[in-house]
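*Asks:* What follows is a single structure, and I will ask about it in a moment.
Please treat every number below as a calculation from the coordinates, not as lab data. Here the structure is a predicted model, which means the values were calculated and not measured. Quick reminder, even Gly has a Cβ in these numbers, built from the backbone with ideal geometry, and neighbours come from all protein chains shown.
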Amino acid sequence: MQSILSDFLDKWVYPTGFSGPGVEFRLRQTERCLPLWDKLVSQALQFAENDLKSGSDEYKAVRARAGYAAEGPFMSLKQMSTQILSVTVDEQPKYIDLQRMRARQIWDEVKHGQLHADVLLRGGFIKREEDLMDGARANTQPKLSYFGMTAMFPHIHPLARAGQHYYNESMACLGIAATLSVIDDNLIRHQLRSQEAEERMHFMEGKYQIDAYALTPEDQRPIEEVFDFLLRPWAPEPSRALGGSK
Ligand SMILES: [Fe+2]
């Protein structure tokens, strides 16, 4: 196992303030995630090394355009508003913690879009953020996402998002750690350092939701279905912003 993954597991995955069926369910899902998390770290390290060997600065712009498309207002406003809509008014007293965390994540992800725009601006790849509207690559992201399809799922279970938080936001953390271990460019490091604590919070939101709320088979099933979807073979490819090839 990659040391970046074992370090993440020891610090963030295994310690918990909870006990009981939510934790047991999460640890079962964790076992399913481990091989893919490990593969992601290996890939992110390899892609970062390839970027360094490329002999040009273009990789910085490629990463930033992909990150701009995969985070920022487009994805985050759609995804988070979908998740907020999944909690009905009468469920709000039960799930108010979730609503608060999702509201916060809108801010985080919009900031992440701005961080990628900053790399492009400060790196001299574009003159104004509006220039990004001319490039398809800054406005499309190839990753499948359970919640990437606008507000089509107001009927989903309020806890379903926890599966994506747990599986994908951990990948953001791992991809950032892997990239930081290889790339010493100041622009990239500033962007990743400004983002990393927030990605960790998004992962911890998934962990907290599962440990604290996924206590019955009825509440666990919709989360497990998200893991089933995300753990398919297309999932391990990290986004280009985190060192993937696309
Ligand atoms: Fe983000």
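*Asks:* Counting helices only, and only those DSSP H runs with n ≥ 4, report the 222 nm mean residue ellipticity of the chain as the sum of -39,500 (n - 2.57) divided by its residues, in deg cm²/dmol to the nearest 500. Don't jump to the answer; show the numbers that get you there.
*Replies:* On the way: 9 runs with 154 residues, N = 246.
That comes out to -21000 deg cm²/dmol.
*Asks:* 7 Å from Cα along Cα→Cβ at both Ala136 and Ser194: what's the point-to-point distance in nm?
*Replies:* 2.9
*Asks:* Further question on the same structure: Under 20 Å from a point 7 Å along the Cα-to-Cβ line of Phe229: which residues of the stretch 65-79 have their amide N that close?
*Replies:* Only 70-72, 74-79 fall inside the zone, counting backbone N under 20 Å.
*Asks:* A follow-up question, please. Would you kindly state how much longer the chain becomes between Arg128 and Gln46 on full extension, computed as 0.36 nm times their sequence separation minus their alpha carbon distance, in nm to one decimal? Working shown, then result.
*Replies:* On the way: separation 82, 0.36 × 82 = 29.52 nm, distance 3.16 nm.
Separation in residues times 0.36 nm, less the Cα-Cα distance, equals 26.4 nm.
*Asks:* Would you pull out the residues with amide H under 5 Å of His157's amide H, same chain only if 5 or more places away, H placed 1.01 Å from N?
*Replies:* Sorted by chain and number, the residues that satisfy this come to none at all.
*Asks:* Can you tally the lysine pairs in the chain where the Cα-Cα distance is under 25 Å and the two residues are eight or more apart, or on different chains?
*Replies:* Close lysine pairs found across the chain: 25.
*Asks:* Hey, can you list the DSSP H helices of the chain whose Cα span along the axis is 27 Å or longer and whose average Kyte-Doolittle score is at least -1.0? The partial results should precede the final answer.
*Replies:* Working: long enough: 21-53 (47 Å, -0.48); 92-122 (44 Å, -0.85); 186-213 (40 Å, -1.15).
Span-like helices, by this rule, are 21-53, 92-122.
*Asks:* Among Pro222, Pro21, Pro35, which one shows the highest mean-square fluctuation when the chain is modelled as a Gaussian network with alpha-carbon springs under 10 Å?
*Replies:* Residue with maximal mean-square fluctuation among Pro222, Pro21, Pro35: Pro35.
*Asks:* Kindly rank 98-109, 183-194 from highest to lowest mean number of other beta carbons found within 10 Å of each residue. All intermediate terms of the calculation are to be shown ahead of the outcome.
*Replies:* Values: 98-109: 18.2, 183-194: 16.2.
Result, highest mean first: 98-109, 183-194.
*Asks:* Given a Förster distance of 22 angstrom, what is the FRET efficiency for Leu77 paired with Phe18, based on the Cβ-Cβ distance and rounded to 0.05?
*Replies:* Working: r = 31 Å, r/R0 = 1.41.
The computed FRET efficiency comes out at 0.10.
*Asks:* To the nearest 20 debye, what charge dipole does the chain have about its Cα centre, counting +1 at the Cβ of each Lys and Arg and -1 at the Cβ of each Asp and Glu? Spell out each step's value before the answer.
*Replies:* Details: 29 positive and 34 negative charges, 65 e Å.
Dipole about the Cα centre, nearest 20: 320 debye.
*Asks:* Suppose the Debye formula is applied to equal point scatterers at every Cα of the chain; what is log10 I(q)/I(0) at q = 0.08 Å⁻¹?
*Replies:* Calculated log10 I(q)/I(0) at the listed q: -0.29.
*Asks:* Something else about it: Quick check: from the Cα gyration tensor, does the stretch 1-44 come out rounded (a/c under 1.5), prolate or oblate?
*Replies:* Oblate is the answer for the stretch 1-44, as a/c is 1.5 or above yet b/c matches or exceeds a/b.
*Asks:* Ranking Glu205, Glu49, Glu129 by Cβ neighbours within 10 Å, fewest first, what do you get?
*Replies:* Starting with the residue having the fewest Cβ neighbours, the order is Glu49, Glu129, Glu205.
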